[in-house]
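The structure appears below as structure tokens.
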Amino acid sequence: MRIVPARDGGLARLRLPGGELSARAARAVAHAARACGSGVIEVTNRANLQLRGIRADAHAALVGIALDAGLGPAVASGDDIRNVMLSPLASDETRALAARIVAAMQADASLHALSPKFALQLDGGERLAMLDHPHDLWLSAIDDGARFAVGFAGTMPRRPDDAPAPGAIARGEVVSFVTNVLRRFVALAMPEEQRMRDLLARMDVTRFLEAFTFDADVHAWRREPADGSLRLGAHDEPHRAVWYAGAQAPLGRLDASTLDALADLASTHAEGRLMMTPWQSVLIPGIAANATHEVLQRLLALGLTTDPRDPLARLIACAGSTGCVKGRADTKADAHRLAPLLPAHGEDHVHLSGCERSCAAAHPVAVTLLARAPGHYDLYRDERIVARNLTIEEAAERLARSHADA
Ligand code: SF4
């Protein structure tokens, strides 16, 4: 397990298969956060968990707890490459296919050289899916799952003028195709080329693809729209006679007792599973229809929001200056100050970033506040600068004004 130093102690990343965490494993993570760290648990934008404030003398204990909970990799050197994103609503079949991909990646030692940032997406066409994150390799089910459209270094085509998928493969070829693509990437990439986009900026994509055989009949295919707002609230599950409930912890941050309570909720009212999502939220699947109201009330009582228009569901912030030496402002605290000042039912998502690295956002966000100094931010809208060096109150006023003008 990689534990990296941060301003507030060690930062440990726990990679979850498709964001899934059993109630038992969730209790183990909560125990680890208390026993080995500061108790702070974050849901990441890749639907993993990270524990903050890990003490230097607690690394071995943390690894032991994670392994006992079944959260470890098949081999230690394969931990970092377990990056296959799924929809929180992925079917059992899609999860099983993703597990075979991850197993094959871990079984091939040559692939352990991949960057921890190298990321794959396996999409089953679900109505709730994160389609904005660029991936090094993506595969999206078509023809009722008989084939997968594939693409590299970007996102799935959704609009008519998006670049089309280069091709499609049969479902039975997915695992060997993925491993062959990754082997070719590892063989061809220069040491400084860590992502597929780096390699394809130097090498023509057709030359990279000449080693593969595709069905080339998917140029007109576009991914059906997904709806990220379905991550929150209660909704019926596709193809199952049960519901799920989704909730957002403010700024993706939980504490150990909240995670324990979520595990209890999943055990007593559902199937004993939690799904972390790429929106840094939590979803409890498998709830009987008549129990959804009770589950939503309990999620609200835990301080989570279930309304996608709630400002705290529309704000993201990196660790900021309390957790990161590069941070120029305490982005988390400033986001909490900003939340009550935002329009109550606005649409804009707002990202507070402690520096230009933009760790909290893996995709473009409508509004970015980039820290200049403690409590002061430059305001960007659609990646264009709008105003400089605003206080949180001034930024809120600007956002309220543009909401009123819209
Ligand atoms: S965006 Fe900058 S300040 Fe924020 S966590 Fe990343 S490196 Fe640190």
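The values are calculated or read from the model by the stated rules, or taken from the named source; none is laboratory data. Everything numeric here is computed off the predicted structure, so don't read it as measured data. The protein model used for the area step is the full one, side chains on, heavy atoms only, and it has no ligands, DNA or RNA in it. Shrake-Rupley method; radii C 1.70, N 1.55, O 1.52, S 1.80 Å.
Worth a mention:
- In angstrom, the C-alpha Rg and Dmax of the chain are 21.0, 56.
- Relative contact order computed over segment 312-405 (Cα-Cα under 8 Å; 6+ residues apart), in percent: 25
- Derived scalar couplings between HN and Hα for segment 223-228 equal 5, 4, x, 10, 10, x Hz in order, rounded to whole Hz, by the Karplus curve 6.51 cos²θ - 1.76 cosθ + 1.60 (θ = phi - 60°), x for Gly and Pro.
- Residue by residue, segment 320-326 carries 3J(HN,Hα) couplings of x, 5, 7, x, 9, 5, 7 Hz when phi is fed to the Karplus relation 6.51 cos²θ - 1.76 cosθ + 1.60 (θ = phi - 60°); x denotes Gly or Pro.
- For segment 197-213, 3J(HN,Hα) computed residue by residue from phi via the Karplus equation (6.51, -1.76, 1.60; θ = phi - 60°) reads 5, 5, 5, 6, 6, 9, 10, 4, 4, 5, 6, 5, 7, 5, 7, 10, 10 Hz, glycine and proline entered as x.
- Calculated log₁₀ intensity ratio I(q)/I(0) where the Debye formula runs over C-alpha points of segment 312-405, q = 0.17, 0.20, 0.22 Å⁻¹: -0.61, -0.87, -1.07
- The helix-based estimate of mean residue ellipticity at 222 nm for the chain, built from -39,500 (n - 2.57) per DSSP H run of four or more residues and divided by its residue count, is -8500 deg cm²/dmol to the nearest 500.
- Only helices reaching 18 angstrom along their own axis (Cα) with mean Kyte-Doolittle hydropathy no lower than -1.0 count here, and for the DSSP H runs of the chain these are 23-36, 92-107, 174-188, 256-269, 392-405.
- Other-chain or far-sequence residues with amide H under 5 Å of GLY167's (modelled H): VAL150
- For SER267, the accessible surface of its heavy atoms amounts to roughly 50 Å² (probe 1.4 Å, protein chains only, rounded to the nearest 10).
- Ranking by accessible area, most exposed first, for ARG27, ARG202 with a 1.4 Å probe: ARG202, ARG27
- Whether segment 203-353 is rounded, prolate or oblate, judged on the alpha carbon gyration tensor where a/c under 1.5 counts as rounded: oblate
- If you take the Cα centroid of segment 240-304 and the Cα centroid of segment 379-406, the two points sit 33 Å apart.
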